[in-house]
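Take a look at the structure below.
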Amino acid sequence: MDALTAVRARIASTGRDPDEVTIVAVTKGHPIGVVRAAADAGLLDIGENQAQELLAKVDDGVPLGVRWHFLGPVQRNKVKKLAAHVALWQAVDRGAAGEELARHRPGAAVLVQVNLSGDEARPGCGWDDAPRLVERLRAGGLEVRGLMGVATRGGDARREFRRLATLRRDLHLDELSIGMSGDLEVGVEEGATIVRVGSSLFGARPEAGR
């Protein structure tokens, strides 16, 4: 898979060891064949942000060993159906969502999504709220592994990622999910342990999947 080789080369160009960074292949809008191709190439961490699409791909039969990352907001009414399939919930930003997760999947592994821009219209908890949310989720029995953030379009991704990396260290968390196809190198340079890559691996989503 030439595209995977290119993504790994981009990671290596930062001076980081590509083996230190988990590549989550984002297959939103693509057919199940893309998931199978990714798995054949050794990409077993697969990301989706729509519950119905993830469940449909599960029903279509995914390769053995695939680890699903749920990247979208955690909707309480979808947790029960997703609970058995998701290995890492990357976008937990509310205590209520955490409570629902703990009810259906005790001990679930999660990342806390922080709103990097501070724009209330964007998903993620506030910077000042993140430490309290981490503690609340832990108290509810969830395994909080780290933080996740999405750079503001047109903003200063490096500044935002660096601030999130500092918060991750302050909270003594292991994982930092930052960087996508367009800002991959910046995310890796600022300490990403997980990157979420779609178009650089699979090209633009088919029109029907949008």
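The values are calculated or read from the model by the stated rules, or taken from the named source; none is laboratory data. All values derive from a computational prediction rather than experimental measurement. Here the Cβ is made from the backbone with ideal geometry for all residues, glycine too, and neighbour counts use every protein chain on show. The protein model used for the area step is the full one, side chains on, heavy atoms only, and it has no ligands, DNA or RNA in it. Shrake-Rupley method; radii C 1.70, N 1.55, O 1.52, S 1.80 Å.
With 16 Å as the cut-off, how large is the P(r) tail for region 61-101, expressed as percent of Cα-Cα pairs? Show your work: numbers first, answer last.
Details: 260 of 820 pairs.
Roughly 32 percent, once rounded to a whole number.
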When Lys and Arg each count +1 and Asp and Glu each count -1, what net charge do the other residues less than 15 Å away from residue 39, Cβ to Cβ, add up to?
-1
Just to be sure I understand the model, the point goes 7 Å from the Cα along the line to the Cβ. What's the resulting residue 13 to residue 32 distance in nm?
3.6 nm
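If I stretch the segment between residue 6 and residue 55 completely, what's the gain in nm (0.36 nm per residue apart, minus their alpha carbon distance), one decimal?
Difference between extended and current length: 14.7 nm.
Apply the Kirkwood formula to region 1-97: the hydrodynamic radius equals the inverse of the mean of 1/r over all pairs of different alpha-carbon atoms; give it in Å with one decimal.
Details: mean 1/r = 0.0697 Å⁻¹.
When all Cα pairs of region 1-97 are included, the Kirkwood radius is 14.3 Å.
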Ratio Rg/Rh [Cα only; Rh per Kirkwood] for region 126-210:
1.04
If amide H atoms are modeled at 1.01 Å from N in the peptide plane, then the residues at a separation of 5 or more from residue 91, or on another chain, having amide H under 5 Å from its own are 111
Give the carbon-plus-sulfur fraction of the accessible surface of region 147-195 in %, rounded to a whole number; probe 1.4 Å, heavy atoms of protein chains only.
46 percent
Output needed: percent of Cα pairs per 10 Å distance bin for region 48-122, bins running from 0 to the one holding the longest distance.
19, 52, 25, 5
Counting only heavy atoms of protein chains, what accessible area per residue, in Å², does the chain have with a probe of 1.4 Å?
47 Å²
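When only C-alpha pairs under 8 Å and at least 6 residues apart count, what is the relative contact order of the chain, in percent? List each step's numbers first, then the result.
Numbers: 391 pairs, mean separation 44.7, N = 210.
The value is 21 percent.
Work through the residues other than residue 173 whose Cβ is under 13 Å from its Cβ and net out their charges, Lys, Arg +1 and Asp, Glu -1.
Numbers: positive: 138, 145, 168, 169; negative: 135, 143, 170, 174, 175.
Its environment carries a net charge of -1.
Would you mind counting up the charge near residue 63? Only other residues with Cβ under 13 Å from its Cβ, with Lys and Arg at +1 and Asp and Glu at -1. Each step should come with its number before you reach the end.
Numbers: positive: 36, 57, 67; negative: 40, 45, 60.
The answer is 0.
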